[in-house]
1. Based on what the data block shows, is Val41 at pLDDT 95 or above, closer than 24 Å to Tyr118 by Cα, of a type in the set (Val, Ile, Thr) and surrounded by 16 or more Cβ atoms within 10 Å (Cβ to Cβ)?
2. Which residue is farthest from Asp156 (Cα to Cα), if the candidates are limited to the stretch 114-125 and must be crowded, with 22+ Cβ neighbours inside 10 Å and at pLDDT 95 or above?
3. Give just the number: which of (1) of a type in the set (A, V, I, L, M, F, W, C); (2) within 22 Å of Phe20 (Cα to Cα); (3) part of a helix (DSSP H, G or I); (4) at pLDDT 95 or above does Ala182 not satisfy?
4. Is the stretch 151-164 home to any residue that is hydrophobic (A, V, I, L, M, F, W, C), crowded, with 17+ Cβ neighbours inside 10 Å, modelled with pLDDT under 95 and within 16 Å of Ala73 (Cα to Cα)?
5. Do you know which residues across the stretch 83-113 are under 19 Å from Ala169 (Cβ atoms), of a type outside the set (Asp, Glu) and surrounded by fewer than 16 Cβ atoms within 10 Å (Cβ to Cβ)?
6. Of Val42, Val36, which residue is of a type in the set (Val, Ile, Thr) and part of a loop (DSSP other than H, G, I, E, B)?
7. Restricting the first residue to the stretch 19-44 and requiring it to be at positive phi, which pairs with a second residue that is among the hydrophobic types (A, V, I, L, M, F, W, C) and open to solvent by 20 Å² or more (accessible area, probe 1.4 Å) meet a Cβ separation below 7 Å and a spacing of at least six or different chains?
8. Within the stretch 199-208, how many residues are at pLDDT 95 or above and open to solvent by 40 Å² or more (accessible area, probe 1.4 Å)?
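The values are calculated or read from the model by the stated rules, or taken from the named source; none is laboratory data. Just so it is clear, the structure is predicted and the values come from calculations on it, not from any experiment. Cβ coordinates were reconstructed from backbone atoms using ideal geometry, including for glycine residues, and neighbour counts include every protein chain displayed. Side chains are part of the model used for accessible areas, which takes the heavy atoms of the whole protein and leaves out ligands, DNA and RNA. Shrake-Rupley method; radii C 1.70, N 1.55, O 1.52, S 1.80 Å.
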Amino acid sequence: MATSSDTNLPQSCFVVVPAFNEAPRIGRTLESLLQVARSVVVVDDGSADNTAEVALQYPVWVLRHPVNLGQGAAIQTGITFALRQGAEYVATFDADGQHDPGDLAKMLEQLHQAGVDYVLGSRFLGRAAGIPISRKLMLKAAVWYTRLMSGIRVTDTHNGIRLMTRRGAERIHITMNRMEHASEILDQIARSGLRFIEVPVTIRYSEASLAKGQKTSAAFRMGVKIIAERVMR
């Protein structure tokens, strides 16, 4: 991993890492992430293991939910905290080690070059190592669903690596606490009137990340919940 100053994120870029029962993986994730990021916020979402204790061994902020609220709630907690700390940029990054920290610096560079407020990582523009065909088909279906419901043209929907300006982060108000939050974020980006781009990123699947991912039945329930949310709006 390159660690020269031109590949590091500025201190004003806060990286939010939602974590639930990630004690076996959070240490390795933070070790690699801290090679490029100086402002990291781990949000322990009511873990039953010692996720928070492991994270506290590293030079990061650790916030805790007393009970498990869901990844959406954890991300919103992290975004709110980062903005209160004066963040100029906010990124999100999964705790399970499937993302490449080096992609964050590339995303910030693309954000500046394109003059946008949101940069979304896309595994389908980049690389998805070890992705099962069933997961790929489910994610592709989610792309078309999102395009239909939100009118936002993206190639990847449920990707946990994102980067946004302070102005962009201030427009994100996650109310769907669990995995529906990924679609809600895209919906809010579409409604914000602010510009976004997608960039290629690398996702490396492992047994752990696949086990924690969305099952087909859960994805169906998620779609129903999103539709109900729109009807009630």
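1. Answer is yes for this residue.
2. The first filter runs over the stretch 114-125 and keeps only residues crowded, with 22+ Cβ neighbours inside 10 Å, leaving 117-121, 123.
When the remaining residues are screened for being at pLDDT 95 or above, the result is 117-121.
Details: Asp117: 18, Tyr118: 14, Val119: 12, Leu120: 8, Gly121: 8 Å.
Result: Asp117.
3. (4)
4. Within the stretch 151-164, none of the residues are hydrophobic (A, V, I, L, M, F, W, C), crowded, with 17+ Cβ neighbours inside 10 Å, modelled with pLDDT under 95 and within 16 Å of Ala73 (Cα to Cα).
5. Arg84, Gln85, Gly86, His112
6. Val36
7. Partner pairs satisfying both residue conditions: Asn21/Ala48.
8. Count: 1.
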